[in-house]
1. From the backbone phi of segment 178-184, what are the Karplus-calculated ³J(HN,Hα) couplings (6.51 cos²θ - 1.76 cosθ + 1.60, θ = phi - 60°) in whole Hz, Gly and Pro given as x?
2. Using Cα positions and a limit of under 16 Å, work out the aspartates and glutamates in reach of Lys240, with same-chain residues fewer than 8 apart set aside.
3. Remind me, relative contact order of segment 169-309 in percent, using alpha carbon pairs under 8 angstrom and six or more residues apart?
4. Per 20 Å bin, what is the whole-percent P(r) computed from every C-alpha pair distance within the chain?
5. Classify segment 1-43 as rounded, prolate or oblate, taking a ≥ b ≥ c as the square roots of the eigenvalues of its Cα gyration tensor: rounded when a/c is under 1.5, otherwise prolate if a/b is larger than b/c and oblate if not.
6. Add +1 for every Lys or Arg and -1 for every Asp or Glu among the other residues with Cβ under 10 Å from the Cβ of Ser326, and state the total.
7. Given contacts defined as C-alpha pairs under 8 Å and at least six residues apart, what's the relative contact order of segment 1-97, whole-number percent?
8. Long-range amide H contacts for Glu45: which residues qualify at under 5 Å (H placed 1.01 Å from N, peptide plane, sequence gap of 5 or more or a different chain)?
Amino acid sequence: MKKLIGPFKQILTLAALPLKGSLRDDQLEIITNGGVLVEDGLIKEVGKFDELHRLYPDVTIEEIEGGQVLLPGFIDCHTHICFGGNRAKDYALRIAGKTYLEIAKAGGGIWDTVTQTRLANEQTLLDGLLKRANHHLSEGVTTIEVKSGYGLNFDDELKQLRVIKNAGKLTGADLVPTCLAAHMLPKDFRADKAQYLQYVLNELLPVIRQEQLSNRVDIFIEESAFDTASAKIYLDAAIKLGFNATVHADQFTTGGSEVAVEVGALSADHLEASKAKEIRLLAKSNTVAVVLPGASLGLGMPYAPARKLLDAGSCVAIASDWNPGSAPMGDLLLQASVIAAAEKLTTTEVFAGLTSRAAKALNLNDRGVIATGMLADLQAYPYNDYREILYYQGKLKPGMVWKKGNVV
């Protein structure tokens, strides 16, 4: 059944924008008094509401009252929202002056969440994941990448990924699972880092493929996690097994983004430590640079150099990094608004970084813009001017959200 949704004061299609490099606000396609024709969850046509109504006089109308600005649904291409417990103790230590690495060495950090996640049963993890995913959906985030990485053994990594798969059937949002078994060397693994990565390749990844739990792998390249040489061997092998790759790169030290580019990873995420060399490498590659302002806020660190990455020619996406440790807030629009002010990003660069460019980071070509043939994943803000969305620094939330054309 076809239906016509509208009229909207403004429709920002985000269509016809280049996927790489800087963007100006005068490049935005804005349809005034617009409408979207939807059929079977897909966008059939977008244009002036009255013209679409004349072309399809018998179509069902989903009338929008008052001034509304329509955008594509946001895509959060980097989260860790499947976990047990919390790390409030870590945060208290951090704001009192302890560093991320100091807290980890004292028994906090990722390993604390691993312990709590292993103790949690599947129902507890499912309930927490659904609560976070549905909250994201209510704020216009219609596609959410979700990582494992808090199990760090055969049984508990599979537990996490099975929970993510089950949650995907119960939430209106699309969940994109990623295996992050290479988050850190588990403290209870009686061998070195290279042997652990080989264990993941030989034992865990074949089962993940067999159960169709994920087609993506991630690895944390950092002094506290895995070195560049071991990571490259791991990623090359995972790609040969049929997995897409992404990398936690350049968060505290450099090296990770270079590996991401060398192996052809879909994205390199974090990049707070990236300098001229890394920026140049990313700009010349097809690897998406994913910046995570939530982690900078949570750790009290500088933001990733988003402005320099864009000016150099990179494809820059913005994600929340929603996790129990460094980025517990999970408010994607607020974080995007804050990094926009800090890094001097145009409104178009922010919206593209939350939609079409985030879709590229997940290798999804059916969403992120409002155009014929795309998923009808939409969100409307109760204002007349699109510039007010970032102006309110994340406090303005969508009044309506559609997933595949249905209000959620």
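The values are calculated or read from the model by the stated rules, or taken from the named source; none is laboratory data. Keep in mind it's a predicted model, so treat the numbers as computed, not measured. No Cβ is skipped: glycine too gets one built from the backbone with ideal geometry, and neighbour counts run over all protein chains shown. In case anyone asks, the SASA skips ligands and DNA or RNA and just uses the protein heavy atoms, side chains included. Shrake-Rupley method; radii C 1.70, N 1.55, O 1.52, S 1.80 Å.
1. Residue by residue, segment 178-184 yields 10, 7, 10, 4, 8, 7, 6 Hz.
2. Partners found: Glu203, Asp218, Glu262.
3. 17 percent
4. 29, 57, 14, 0
5. It comes out oblate by the Cα gyration axes.
6. Combined, the nearby Lys, Arg, Asp and Glu give 0.
7. Value for segment 1-97: 34 percent.
8. Sorted by chain and number, the residues that satisfy this are Leu37.
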